[in-house]
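Notes follow once the structure below has been shown.
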Amino acid sequence: MAMLQAKHPGESEYLQAVQEVLESIEEIYNQHPEFENAKIVERMVEPDRIFTFRVTWIDDRGEVQSNLGYRVQFNSAIGPYKGGLRFHRAVTPSMLKFLGFEQTFKNALTTLPMGGAKGGSDFDPVGKSDNEIMRFCQAFMLELWRCIGPDQDIPAGDVGVGGREIGFLNGMYQKLAREYHTGVLTGKGATWGGSILRPEATGFGALYFTQHLLHKAGKDIKDKKVAISGFGNVAWGAVKKAMQLGAKVVAISGPDGVCVVPDGMTAEMNDYMLDMRASNRNKVEDMAVKFPGKAQFIAGKKAWSVPCDIALPCAFQNELSEDDAKELKANGCWCCCEVSNMGCQPGAIHFFQNNGVLFAPGKAVNAGGVATSGLEMTQNAAHLSWTAKEVDDRLHQIMESIHEQCVKFGTRADGSVDYVKGANIAGFMKVATAMLEQGII
Ligand code: 2IT
């Protein structure tokens, strides 16, 4: 860690993600001198390569705009580079390196042959028109297309990139590459190579994982109160499945504050989240305006201030602090499944683990999204599409397998499970072994 800090000063998210993994694997690493001889850790913590490019486009007022674009190809030991694109004003190489690093371990857990990558831009979608979004996506692809391909690197969505953006990106890729394979991006529309259930998959998978975790702890999700942050694609799928399983979603939050929903979200309210996301306003208050009497907006507050049984962070890294964790616990929360990538700060994770709150990390909980992207790639390669049942059954199996891997590597002496350790060791062992077997490259 000291060497890495000296080499990459100020890359706080990236260093945080690496630190968490290294702490977890220290013991097992020291039992494998062959890993140390091949400098597996030193090689695994650095991306294979990073592409950086300028993206120039023209806004609706006719003014020239310039952003930075990136693709971090992190690790290809177990398959082609795979991971999402994030469009957010705070995107930096550090953020994308942390996400690419996490993605490598997460993809290893899915049981599918996918390496890790991440990309994106500091482009801010907030307040942009559909035409501006399209022009930006086209300008972004003008550079990205040479770096990707169906057997090489397969991007998808992340924060700020959903079905609409994947459509614009795919259209431009085909035009530039003159290549009409459906498998260069995942998260596509259902009529042009997309998999049924991919939009729901991250949220659905997170709830399937949560069910396994609760079952292992002798608990059940039915009638439990759930607090969720975010109102993007991931939160939408999580709310939908939580409701189907009989839980009550009592809060959703955004950058402007929280909407408290004492009687629980309805299907109509959940559908409205899609309109909120498409509006590019980034305001959760819109829910309270649309459904007065059902949702009460409190400005400046997080979902973690609302009493609940289960907390599901579904928004952004480091969105849940140690103080939030203490407030959740004081208000009766006993389980937190991290759905966002690195959603909880290290202090929050330690607090949960030391105070009897069940906790599972994003790379295990949210892996259903990229896993279903993997299933989309399989369907594309076979030139066919599966039914919703086929996709859902496979997603179920994958989430069950991820849970089993966490239990295998994370069970403590007292029989309880350290899901952070379990997920990190399981992912590490798979990638490390693959790297070792393929020589020094
Ligand atoms: O963080 C993630 O796993 C994603 N944004 C999904 C990546 C993918 O390739 O589906």
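Coordinate-derived values only; no laboratory data. Bear in mind that the values here come from a model prediction, so they are computed numbers and not experimental data. Note that we place each Cβ from the backbone using ideal geometry, even for glycine, and neighbour counts take in every protein chain shown.
What the table shows:
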quantity: Dipole magnitude of the stretch 89-149, debye to nearest 20 (Cβ charges: Lys/Arg +1, Asp/Glu -1, about Cα centre); calculated: 160
quantity: Whole-Hz ³J(HN,Hα) from phi, Karplus 6.51 cos²θ - 1.76 cosθ + 1.60, for the stretch 388-393, glycine and proline x; calculated: 4, 5, 4, 5, 5, 4
quantity: Convex hull volume of the stretch 59-177 per residue (C-alpha atoms, cubic angstrom); calculated: 96
quantity: Cut-off under 5 Å, modelled amide H: who pairs with THR411 long-range; calculated: ASP418
quantity: Approximate shape of the stretch 310-426 as ellipsoid semi-axes (Cα gyration tensor, √5λ), whole Å, largest first; calculated: 30, 16, 11
quantity: Estimated 222 nm signal from helices in the chain, with DSSP H stretches of n ≥ 4 weighted -39500 (n - 2.57), rounded to 500; calculated: -15000 deg cm²/dmol
quantity: Residues whose placed amide H lies under 5 Å from that of GLY257, excluding near-sequence neighbours; calculated: VAL284, GLY300
quantity: Cα principal axis extents for the chain, largest first, Å; calculated: 60, 52, 45
quantity: Estimated vicinal HN-Hα couplings, Hz - the stretch 279-289 in sequence order (Karplus 6.51, -1.76, 1.60; Gly, Pro = x); calculated: 6, 6, 8, 6, 10, 6, 4, 3, 5, 6, 5
quantity: Calculated over the stretch 36-95: convex hull of Cα atoms, volume per residue (Å³); calculated: 95
quantity: Dipole moment magnitude, nearest 20 debye, the stretch 61-105 about Cα centre, only Lys, Arg, Asp, Glu C-beta charged; calculated: 60
quantity: At 0.692 mPa s and 37 °C, Stokes D of the stretch 1-108 from Kirkwood alpha-carbon radius, µm² per second; calculated: 209
quantity: Interatomic Cα distance distribution for the stretch 105-245, bins of 5 angstrom, percent; calculated: 2, 8, 16, 18, 18, 15, 10, 7, 4, 2, 0
quantity: Signed unit charges on C-beta, dipole axis of the chain, positive-most listed residue PRO93, VAL417, LEU185; calculated: LEU185
quantity: In order through the stretch 42-51: 3J(HN,Hα) via Karplus (6.51 cos²θ - 1.76 cosθ + 1.60), integer Hz, x for Gly, Pro; calculated: 4, 7, 6, 7, 9, x, 4, 6, 10, 9
quantity: Kirkwood-based shape ratio for the stretch 120-198, expressed as Rg/Rh from alpha carbons; calculated: 0.94
quantity: Rounded to the nearest 20 debye, dipole of the chain from Cβ charges on Lys, Arg, Asp, Glu; calculated: 540
quantity: Å³ per residue enclosed by the Cα convex hull of the stretch 119-159; calculated: 79
quantity: Zero-based 10 Å bins, Cα pair distances in the stretch 1-49, whole percents; calculated: 23, 55, 22, 0
